[in-house]
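Here's the structure, in structure tokens; my notes come after.
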Amino acid sequence: MASRITRTVGILATASLAAAGPCDIYASGNTPCVAAHSTTRALYSAFSGALYQVTRGSDGATTNIAPLSAGGVANAGAQDTFCAATTCLITKIYDQSGRGNTLSPAPPGGAAKGPQSGGVDNSASAIGAPVTLNSQKAYGVFISPGTGYRNDATSGIATGDAAEGMYAVLDGTHYNSGCCFDYGNAETSNTDTGSGAMEAIYFGDSTYWGSGSGSGPWIMADLENGLFSGSNPKENSADPSISSRFVTAIVKGEPTQWAIRGGNADSGALSTYYSGARPSRYNPMHKQGAIILGIGGDNSISAQGTFYEGVMTSGYPSDATENSVQANIVAAKYAAGPLQSGPALTVGSSISLRATTPGYTDRYIAHNGTAIDSDIISSSSSAALRESASWIARTGLGNSNCVSFESKDVAGSYIRHYNFALELVANDGTQQMHEDATFCGQTGLAGSGTTSIRAWGYPTRFFRHYFDVAYIATNGGPEAFDATASYNNDITWQVRTSLG
Ligand SMILES: *[C@@H]1O[C@H](CO)[C@@H](O)[C@H](O)[C@H]1NC(C)=O
């Protein structure tokens, strides 16, 4: 009898743990979440409120996206319906902890002003990071350089030398060496107020301050005026290069002690990459309690990366609590979603891209030397002109789930964007060129059977013809070629068999 009761209690305990969200687990460990952000799922088993806000390009209207059910995956279908035939941005990432620590596009800071009016940072595209969780569609937050979120007036976030923990689930394949793709605690002033003013997760392959082993990317900590892989300001060889598609990244700190932990968000356990003393000049800490995502504490906006979910806690979580959170993340079964939709840009096919804007349907994307224009070309044009408008779709140089466009008459040269204009350049083998030459096709915003072509690394931007020149353009932005008038038509193309 006694053993039967024990067994029954054990089963109930297991069942409720399986249903618990990451923040329920932190609460049972007495280190409750004081901020909980995710565009993909509820982080408490009972949470059914708004996860994030999207704003659409057609009329500026906003809507909130909630989980399909309490504790569940985001209702991506509601976003798709709301954003049909227009563009959408993620304009708020709500705090699920109830403390109001919602993230909004970041204000200008000491290092940089954002591109939007008032120096505010860009918002992320709502469709840049498609995923599935247990086969249900959701979208992450795809941060391009210039994009970032912040809250400078938080509640409950650690200040001074107080203890805190944090984790984030990130895309292990989307990063760069720019400063700084961070999530965590930063200055409330948007300026660098000195060493120890920050305690945030960093992900990327910057080697300017510290680094881990191999060539990166690494999980490090941004403690202000330094990215740290341990107490040594340079390399901590126990901090490994990350190679998994989804990564769980952890940073935690308490007086005289801090740690970096990490693992594959799709399988296995966490490892501790560093645990021990603070670097000199970082003890005690001077945390201020603002929250940043995708930027440095002084609004450095050169970094890129993708965020799916993350929390900050009050108190220093135990390794055991974090290990349970990792099991919960693994059970969510993150998988990459399709980056392309609509008429296929078949790899190996020779194509031309014809404008669909009424009055301009005789124009094709063509190169003239290294410039890319929209030129009037037809089947009776010279062979040279027809070839200049002919492209071979190749596997995307920067992401194999999208495409790159190789010139038919200048073999080995590809369309890339540079300062948001399109150019024809030789493949120089660099990550930057490869990513800037990678584009994802989707159903054309102006109609079915057509194609809009999104920059993989800047998913708010699409191939656009504007006064006969080709750009990657946002739907309303700081540049003249971002004009909202005629936007949908100008970014919609007919993909046809190549002219040349
Ligand atoms: C190519 O550019 C040159 C230099 O601007 C210009 O003279 C020429 O007309 C252009 N050719 C085409 C086909 O647009």
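The values are calculated or read from the model by the stated rules, or taken from the named source; none is laboratory data. These numbers come from a predicted model, not from an experiment. Positions of Cβ are backbone-derived with ideal geometry, glycine not excepted, and every protein chain shown enters the neighbour counts. Just so you know, the surface numbers come from the protein's heavy atoms only, side chains and all, with ligands and any DNA or RNA stripped out. Shrake-Rupley method; radii C 1.70, N 1.55, O 1.52, S 1.80 Å.
Once you order the gyration tensor axes a ≥ b ≥ c over the Cα atoms, which shape class does region 344-500 get: rounded for a/c under 1.5, otherwise prolate or oblate by comparing a/b with b/c?
Because its axes are fairly even, with a/c under 1.5, region 344-500 counts as rounded.
Among Pro67, Pro108, Tyr208, whose Cα projects farthest towards the positive end of the dipole of the chain, with charges put on the beta-carbon of Lys, Arg (+1) and Asp, Glu (-1)?
Checked the options; the winner is Pro67.
Of Lys252/Lys333; Lys113/Lys287; Lys92/Lys234; Lys92/Lys137; Lys92/Lys287, which pairs sit farther than 27 Å apart, going by alpha carbon to alpha carbon?
Lys92/Lys234
With no solvent and one equal point scatterer placed on each C-alpha of region 236-306, evaluate the Debye formula and give log10 I(q)/I(0) for q = 0.18, 0.23, 0.27 Å⁻¹, two decimals.
Values returned for q = 0.18, 0.23, 0.27 Å⁻¹ are -0.96, -1.22, -1.21.
Within the accessible area of region 400-500, what % is carbon and sulfur when the probe is 1.4 Å and the other protein chains stay in place?
Solvent-exposed carbon and sulfur of region 400-500 make up 47 percent of the total.
Taking Cα atoms, how many degrees apart are the long axis of helix 319-331 and the longest axis of the chain, rounded to 10 and kept between 0 and 90?
Once rounded, one gets 40 degrees.
Could you provide, to the nearest whole Å², the per residue accessible area of the chain with probe 1.4 Å?
Numbers: 17850 Å² over 500 residues.
Accessible area per residue: 36 Å².
How far apart, in nanometres, would the label points at Ser241 and Gln432 be if each is projected 7 angstrom from Cα along the Cα-to-Cβ direction?
With each label placed 7 Å out from Cα toward Cβ, I get 2.0 nm.
By how many nm would the segment from Asp319 to Glu479 lengthen if fully extended, with 0.36 nm per residue of separation less the alpha-carbon distance?
Numbers: separation 160, 0.36 × 160 = 57.60 nm, distance 4.83 nm.
Working it through step by step, the gained length comes to 52.8 nm.
Taking θ = phi - 60°, what integer Hz values does the Karplus form 6.51 cos²θ - 1.76 cosθ + 1.60 yield along region 60-75, in sequence order, with x for Gly and Pro?
x, 5, 10, 8, 9, 9, 10, x, 4, 8, 4, x, x, 7, 4, 7
Mind giving me the FRET efficiency for Ser213 and Lys333? R0 is 35 Å, r the Cβ-Cβ distance, nearest 0.05 is fine.
0.75
Using R₀ = 22 Å, calculate the FRET efficiency as 1/(1 + (r/R₀)^6) where r is the Cβ-Cβ separation of Asp59 and Ala344; round to 0.05. Spell out each step's value before the answer.
Values: r = 31 Å, r/R0 = 1.40.
That gives a FRET efficiency of 0.10.
Roughly speaking, to the nearest percent, how much of region 129-180's 1.4 Å accessible area is carbon and sulfur? Don't skip to the answer; put the middle values down first.
Values: 610 of 1330 Å².
The value for region 129-180 is 46 percent carbon and sulfur by accessible area.
Take the alpha carbon gyration tensor of region 66-163, find the square roots of its eigenvalues, order them as a ≥ b ≥ c, and report rounded if a/c is under 1.5; if not, report prolate when a/b exceeds b/c, else oblate.
On the way: a/c = 2.39, a/b = 1.27, b/c = 1.89.
Oblate, because a/c is 1.5 or more while a/b does not exceed b/c.
Taking a ≥ b ≥ c as the square roots of the Cα gyration tensor eigenvalues, with a/c under 1.5 meaning rounded and otherwise prolate when a/b beats b/c, else oblate, which class fits region 93-244?
Note, shape of region 93-244 comes out rounded.
Compute the long axis of helix 2-19 from its Cα atoms, compare it with the longest principal axis of the Cα atoms of the chain, and write down the angle in degrees, 0 to 90, nearest 10.
30 degrees
Compute the distance from the alpha-carbon center of region 233-247 to that of region 436-473, in whole Å.
Using only Cα atoms to place each centre, the spacing works out to 35 Å.
At Ala383 and Gln257, where each label point lies 7 Å from the Cα along Cα→Cβ, what is the point-to-point distance in nanometres?
Computed distance between label sites Ala383 and Gln257 equals 7.6 nm.
Enter the Cα centre distance for the pair region 270-334 and region 122-178, rounded to the nearest angstrom.
11 Å
How much length, in nm to one decimal, is gained on full extension between Ser400 and Arg281, taken as 0.36 nm per residue of separation minus their Cα-Cα distance?
Fully extending the segment from Ser400 to Arg281 adds 38.5 nm.
Is it possible to state the helix-based mean residue ellipticity at 222 nm for the chain, with each DSSP H run of 4+ residues giving -39500 (n - 2.57), the sum divided by total residues, to the nearest 500 deg cm²/dmol? What is it?
-3500 deg cm²/dmol
Taking the Cα centre of the chain as origin and charging only Cβ (+1 Lys, Arg; -1 Asp, Glu), how large is the dipole, in debye to the nearest 20? Don't jump to the answer; show the numbers that get you there.
Values: 27 positive and 38 negative charges, 235 e Å.
That gives the chain a dipole magnitude of about 1120 debye.
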